[in-house]
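Everything on this sheet refers to the single structure shown next.
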Amino acid sequence: MRFKKHLLTAVIGLTLSFSTNASELETLINMLHENGMVTDEQYGRLMEELAENKASNEQQKAELDEKLAEATKPSAVEISTNGGLTLETRDGQFSTKIGGRLQVDAAAYGGSPDMGDGTDIRRARLYLAGTLYRDWGYKLEYEFDNSSITDAFISYDGFKNYQIMAGHFKDPFSLDYMISASNTMFMERALPTAFNAGRHVGVMGARNSKHWTLAAALMGDTASSTREADEDEGWGWSTRGTLAPINESGKLLHLGLGFNYRDLQPSNTVRFSQAPETNVSGVRIVDTDMLDNADTMLKSGLELATVVGPFTAQAEYIRTSVKRDNISDADFDGWYLQSSYSLTGESRPYKDGVFGGIKPNRQVGDGGIGAWEMAIRYSSLDLNDGAIEGGEADSMTLGLNWYPISMLRFSANYVHVLDVDGGTYDGQEADVFQVRSQWAF
Amino acid sequence: MRFKKHLLTAVIGLTLSFSTNASELETLINMLHENGMVTDEQYGRLMEELAENKASNEQQKAELDEKLAEATKPSAVEISTNGGLTLETRDGQFSTKIGGRLQVDAAAYGGSPDMGDGTDIRRARLYLAGTLYRDWGYKLEYEFDNSSITDAFISYDGFKNYQIMAGHFKDPFSLDYMISASNTMFMERALPTAFNAGRHVGVMGARNSKHWTLAAALMGDTASSTREADEDEGWGWSTRGTLAPINESGKLLHLGLGFNYRDLQPSNTVRFSQAPETNVSGVRIVDTDMLDNADTMLKSGLELATVVGPFTAQAEYIRTSVKRDNISDADFDGWYLQSSYSLTGESRPYKDGVFGGIKPNRQVGDGGIGAWEMAIRYSSLDLNDGAIEGGEADSMTLGLNWYPISMLRFSANYVHVLDVDGGTYDGQEADVFQVRSQWAF
Amino acid sequence: MRFKKHLLTAVIGLTLSFSTNASELETLINMLHENGMVTDEQYGRLMEELAENKASNEQQKAELDEKLAEATKPSAVEISTNGGLTLETRDGQFSTKIGGRLQVDAAAYGGSPDMGDGTDIRRARLYLAGTLYRDWGYKLEYEFDNSSITDAFISYDGFKNYQIMAGHFKDPFSLDYMISASNTMFMERALPTAFNAGRHVGVMGARNSKHWTLAAALMGDTASSTREADEDEGWGWSTRGTLAPINESGKLLHLGLGFNYRDLQPSNTVRFSQAPETNVSGVRIVDTDMLDNADTMLKSGLELATVVGPFTAQAEYIRTSVKRDNISDADFDGWYLQSSYSLTGESRPYKDGVFGGIKPNRQVGDGGIGAWEMAIRYSSLDLNDGAIEGGEADSMTLGLNWYPISMLRFSANYVHVLDVDGGTYDGQEADVFQVRSQWAF
């Protein structure tokens, strides 16, 4: 009965699947043949059938494997959404992102001067951006509220940590301005953003790493600039370096230094003015009016920021010097110190020398109350210099931000202008109460 | 021993599978052992091999199950198109929709006054809309033809049947205006749409259910409004309630009531005018001209609509009262009655107090001729009141709509102005013949 | 023989899989029964179990097949990207494409007249286009740089090789203008593009096949035209036929003929002018100024082009005749001959009577250097006719194009105006050096 044991073993071994145990069967048949329990003729037929069935089984197994491989292979393209649409090829060669933002404001004003209460679509943007063959990037973003192109560029990202860009984008200058308007601590940037460098058509080289960044750009004029056909357009250069000796999750020390130069041809004029950190009414509480005979201007900025867990502090000083023909140069400056505290514990993210937006630890609808953040700021802007009496303004701002989910933000800001010294609104103190609803992704 | 060969053949043929019948084999081996046909030593080896093979088979089966589970699990994101693009996460948390519409018109005019024949892009819009974490919604739509933001809002939909919105959207008022311009019965809305409330920046709460809806909004000014920096912008409120005691597929009785109030600061002017249900020529056959000293205005509207199978009837009466300083108030009103009949049997869909668009039962290319709809309308608008002689106009409109597929619509309209009574075009009768090509999704 | 039954049962239980060998087992059992090795009772039980197991195995097999079929079936929608986003339903019924282009220029000028150096966003467009139920097409494209609608139409493609369009699109006239601005040989089209027919609202029928195309359009005015409400807008017709007796990959002979007629109401004016193939400065070196009393104009154009491997040559002559009231007619004309040679061997693609863009054989990042193309052009434009002294200009242009990957293009152009004869800039010779960065898909 020995053959039976072998038979059983064979049967057991066979029991399924993929690994055909034909070898054991073969052993068994050979054994039976040796034992004389199958004739030579029978043995021949058995071996033939065995070979046939083996081949058939192997083919079936191959087909199943193939089907399973096809069925479980990842798709070439991955698509996802966190608002808008993101598409990525799994080989990392291509990506496409469609996104946008909407900011809707309402404001009521008190004190003096008279400022008109009202509502406003502050920003309404859509963009298409992406990656081409891994190393190249592109973006086109449009601001529908004032019908203007914001970011529009092509970039080369093939050198690790380095980026080369050509197109229309922000001059690298001033931390406050580099931070996306969706992620600023308050609804509006601080008073010294009167000196922000804006966007121009140009080229930029940048290096971004964990502990330092450096960017330098050569820029022509804005996309929307107009001029006489025979006049050269304005141009400038801009550079910004940042240092982050401490840069861990929830721990940051940031230092920054920037310079921005601009040739003011062909108009040879420049004007600085500022609203009290509000945009619904158009009142500018300080304003140099048009300064003529202006040749060039140089802006210099110093940045300091820190994050300690839920606490963020950020400060900047910016000085602007305007060289004028046959008139003494004009110098203006401003600074702010702002700080926020997240009641729900979130830390402000930081990357490549710029702050990102707060992401709630526990979202509404997920058992949480979203992220709640309180903020306070002191801003100062001095547009007086010699005969130029643009006015000097100081303001104090309180802010409350609620991020129910990471794509949404509701803000309430109260701004008190402490004093205007000089200019049209000399001695006046404005009060601003404003709220914003925002989606951004 | 012939049977053995067969047995072997069978065993070989068996070679793979899922459900290991090891329990039966075990029973067999135990039996053989009991019968004394296998020795204790053999039995031990058999049990060992059995266990090994059982484990190996189970593992193989588990691997296969896992692969199959992975292969057949639904993707996290579903993407589809019926024009544009729709993306939905299968968990219902997120969705994104990109869509738009295009309306291209051509018109020829007869009778008097002189109106310029021509062509026009009537509407050319794109939008990005979606859902964020199930409960939140957003939209941004732009009208490229006149470079203006139409819908731009954020909404909270977490309370069943309720919706809260903030942003820029239509004041809830007037059935004719609430119906999307892609879905109106005729190419242009009826004459009384001179009183439509438009879009403003504000907040709205709405309740929508099968048999009634109620919406109330507090609105500032339009997104594109301009004003002096020290002037408060205009504001208003709007409310609309609808009742649908009968609301089944192909059977509807709709009643609606709406009020719209507006403070006309800061311009303190208002103007009503209307073209003869055509937009290619800019002639306005009735026109109050600018009414000054206007403080506030209140619009009231009454709606009635019914659907019986392929037949739809819709009527509205709107009255507008303008309160003026030191001048007697001005009152204007208008009404229309319009009816359509689908020759191919489609019923006009209705949801949340508003009509949707006709969807053909059998599309062109699918063995059908699309949907064909005939429509007739009588409109009246009276802009005369006391000293204000804006004119009163009555018009009759015939329409033919062809929807070859559900995203396309081709329309031909003939408008005959029966009479203008008063105003610049007193006594004149205009004839309008116009056609439209439309895609919308 | 009891054990045999168990063995058989086990064997039967194993049966599964794909190829159930139940028939062989049945044969065996029958044989054993015949041989008297199993009793009738045993035989009955065996057959019963056999049937049960057979059913169970077949069910398992069916389930597996079903799962595999589900797992391996192609998704209904395919999504891909080569920049932007393409979505296609696998049944060919629907497709959606989101794409765009960006062109950023910088230019420096020498010689005379004075032209202002500077930078410019030349084009910044996004579009949504697609297919609806296989036979219908749509597109909406917007030019963000000058806030204008470019392509906006609906098309019917249900007749093989034929296309019917309604909406806003280019009049079919002039090879140079029909080629997408992303694919032109030089940064700007040749001087005679002063006579291009532009885009209008209208309808067009076209036939496209390998060896010939014919298009005819009836057009109203441009989407952005303005006029008095009582004036009819301008209209025109346009037709273009092309012949390609040789049209293979890398081998082409193209001949084209076009006519474009336009009624110049309501303004009854027309103006032709041209910059020296540059767009950064606005200087127009030839300019007829506004010609009044202009009733109609007829443009006629002759096209010739050839491709031989990496070599392309393209030439056009266009004549424009303006019929004027009570004044003798005005006739202007222009021509160009341009040629390019791809250093990396690529041939310029051609389809439906129009050239496409160069696609590099070996891309940067893929072991290649992209495509490099040199080009040379001679252009001539004569805007002098009798008393009208708009000036005649001839220019020579050298170009270098680099396509590192198929979606990107960097161009450098040098234009030398050989002479201006007549007009404001009589006798002047301008030099243009300009560069462009472009992404397009």
Task: Any chance B:Thr306 is assigned by TED's automatic domain parsing to the domain that holds B:Ser112, in a strand (DSSP E or B) and more than 17 Å from B:Phe195 (Cβ to Cβ) - done: yes
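So that you can scan it fast, the table gives a plain yes or no per residue for (1) more than 19 Å from A:Phe410 (Cα to Cα); (2) touching an Asp or Glu at 6+ places or on another chain (Cβ under 7 Å); (3) modelled with pLDDT under 95:
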site: B:Leu132; (1), (2), (3): no, no, no
site: B:Tyr142; (1), (2), (3): yes, no, no
site: B:Asp176; (1), (2), (3): yes, yes, no
site: B:Ser180; (1), (2), (3): yes, no, no
site: B:Arg189; (1), (2), (3): yes, yes, no
site: B:Thr193; (1), (2), (3): yes, yes, no
site: B:Asn196; (1), (2), (3): yes, no, no
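For (1) assigned to a helix (DSSP H, G or I); (2) modelled with pLDDT of 80 or more; (3) of a type in the set (A, V, I, L, M, F, W, C), each residue gets a yes or a no:
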site	(1), (2), (3)
A:Thr20	no, no, no
A:Gln42	yes, no, no
A:Gln59	yes, yes, no
A:Glu70	yes, no, no
Task: Tally, over the stretch C:389-427, of residues that are surrounded by 19 or more Cβ atoms within 10 Å (Cβ to Cβ) and closer than 24 Å to C:Met290 by Cβ - done: 8
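Suppose we keep only residues that are over 20 Å from B:Leu408 (Cα atoms) and not small (Gly, Ala, Ser) within the stretch B:104-127. Which one would you say is farthest from the other protein chains (Cβ to nearest Cβ)? Break it down into steps so the answer makes sense when it comes.
Going residue by residue through the stretch B:104-127, those that are over 20 Å from B:Leu408 (Cα atoms) are B:108-118.
Now narrow it down to the ones that are not small (Gly, Ala, Ser): B:109, B:113-115, B:117.
Details: B:Tyr109: 9, B:Pro113: 7, B:Asp114: 4, B:Met115: 6, B:Asp117: 5 Å.
Step by step, filter the stretch B:104-127, then rank; the result is B:Tyr109.
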Open item on the list: Given the options C:Asp120, C:Asp171, C:Asp145, name the one that is assigned by TED's automatic domain parsing to the domain that holds C:Arg240, among the charged types (D, E, K, R) and under 19 Å from the mean Cα position of the chain (by Cα).
Closed with: C:Asp171
- [ ] Collect the residues in the stretch B:215-238 that are surrounded by fewer than 18 Cβ atoms within 10 Å (Cβ to Cβ) and under 27 Å from B:Gly357 (Cβ atoms), keeping them in residue-number order.
- [x] B:Ala216
Task: Odd one out for C:Trp136 among (1) under 28 Å from A:Glu141 (Cβ atoms); (2) assigned by TED's automatic domain parsing to the domain that holds C:Asp419 - done: (1)
- [ ] Give me a count of the residues in the stretch B:328-358 that are surrounded by fewer than 16 Cβ atoms within 10 Å (Cβ to Cβ) and either among the basic types (Lys, Arg) or at pLDDT below 95 (or both).
- [x] 3
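Could you pull out every one of the strands (runs of 3 or more DSSP E) wholly within the stretch B:131-183 that has 1 or more residues that are in contact with a Ser or Thr (Cβ under 9 Å, 6 or more places away or on another chain), more than 10 Å from chain A (Cβ to nearest Cβ) and touching a residue at least 24 places away in the same chain (Cβ under 8 Å)?
Values: elements: B:136-143, B:148-156, B:162-170.
Ranges flagged: B:162-170.
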Open item on the list: Can you pull out every residue in the stretch A:95-151 that is within 24 Å of A:Met407 (Cβ to Cβ) and aromatic (Phe, Trp, Tyr)?
Closed with: A:Tyr127, A:Tyr138, A:Tyr142, A:Phe144
Open item on the list: Please go through (1) within 8 Å of another protein chain (Cβ to nearest Cβ); (2) in contact with a strand residue (DSSP E or B) (Cβ under 8 Å, 6 or more places away or on another chain); (3) buried (at least 23 other Cβ atoms within 10 Å of the Cβ) for B:Thr89 and return the number of the only condition it doesn't satisfy.
Closed with: (3)
TODO: For the stretch A:345-360, indicate whether the set of residues that are over 21 Å from the mean Cα position of the chain (by Cα) and among the aromatic types (Phe, Trp, Tyr) is non-empty.
DONE: no
- [ ] Report whether or not C:Thr269 is within 30 Å of C:Asn208 (Cα to Cα) and in contact with a strand residue (DSSP E or B) (Cβ under 9 Å, 6 or more places away or on another chain).
- [x] no
Task: Number of positions in the stretch C:56-79 that are more than 11 Å from chain A (Cβ to nearest Cβ), surrounded by 12 or more Cβ atoms within 10 Å (Cβ to Cβ) and of a type in the set (A, V, I, L, M, F, W, C) - done: 1
Open item on the list: If A:Val203 meets every condition in (1) in contact with an Asp or Glu (Cβ under 9 Å, 6 or more places away or on another chain); (2) touching a residue at least 12 places away in the same chain (Cβ under 8 Å); (3) aliphatic (A, V, I, L, M); (4) within 14 Å of chain C (Cβ to nearest Cβ) apart from one, which number is that one?
Closed with: (1)
Open item on the list: On the basis of being more than 20 Å from B:Leu126 (Cβ to Cβ), part of a helix (DSSP H, G or I) and without any contact (Cβ under 8 Å) to a residue 40 or more places away in the chain, does B:Leu50 make the cut?
Closed with: yes
TODO: Considering each of B:Ile358, B:Ile246, B:Ile318 in turn, give the residue that is part of a loop (DSSP other than H, G, I, E, B) and of a type in the set (A, V, I, L, M).
DONE: B:Ile358
Open item on the list: Restricting to the stretch C:206-225, name every residue that is within 14 Å of chain B (Cβ to nearest Cβ) and either farther than 23 Å from C:Arg123 by Cβ or assigned to a loop (DSSP other than H, G, I, E, B) (or both).
Closed with: C:Ala217, C:Leu218, C:Gly220, C:Asp221, C:Thr222, C:Ala223, C:Ser224, C:Ser225
- [ ] For the stretch B:221-258, enumerate the residues that are modelled with pLDDT of 95 or more and basic (Lys, Arg).
- [x] B:Arg240, B:Lys251
Open item on the list: Against the condition modelled with pLDDT of 90 or more and either more than 20 Å from the chain's Cα centre (by Cα) or at the interface with chain A (Cβ under 9 Å from one of its Cβ atoms) (or both), how does C:Leu50 come out, does it pass?
Closed with: no
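Residues of the stretch A:254-298 being polar (S, T, N, Q) and either part of a loop (DSSP other than H, G, I, E, B) or more than 14 Å from chain B (Cβ to nearest Cβ) (or both), which ones? Explain how you work it out, then say what you get.
Of the stretch A:254-298, the ones polar (S, T, N, Q) are A:260, A:265, A:267-269, A:273-274, A:278-279, A:281, A:288, A:293, A:296.
Of everything in the stretch A:254-298, those that are polar (S, T, N, Q) and either part of a loop (DSSP other than H, G, I, E, B) or more than 14 Å from chain B (Cβ to nearest Cβ) (or both) turn out to be A:Asn260, A:Gln265, A:Ser267, A:Asn268, A:Thr269, A:Thr278, A:Asn279, A:Ser281, A:Thr288, A:Asn293, A:Thr296.
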Task: Single residue of the stretch B:36-47 satisfying the filter (within 8 Å of chain A (Cβ to nearest Cβ) and buried (at least 16 other Cβ atoms within 10 Å of the Cβ)) that is nearest to the chain's Cα centre (by Cα) - done: B:Leu46
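Return the residue satisfying two criteria in turn: it lies in the stretch A:232-243 and is within 14 Å of chain C (Cβ to nearest Cβ) and in a strand (DSSP E or B), and of such residues it is nearest to the chain's Cα centre (by Cα). Break it down into steps so the answer makes sense when it comes.
Of the stretch A:232-243, the ones within 14 Å of chain C (Cβ to nearest Cβ) are A:232-237.
Still in the list and also in a strand (DSSP E or B): A:235-237.
Details: A:Trp235: 27, A:Gly236: 25, A:Trp237: 24 Å.
Ranking the qualifying residues of the stretch A:232-243, first place goes to A:Trp237.
The values are calculated or read from the model by the stated rules, or taken from the named source; none is laboratory data. These numbers were taken from a predicted model, which means no experiment stands behind them. Glycine also receives a Cβ, built like all others from the backbone with ideal geometry; neighbour counts cover every protein chain displayed.
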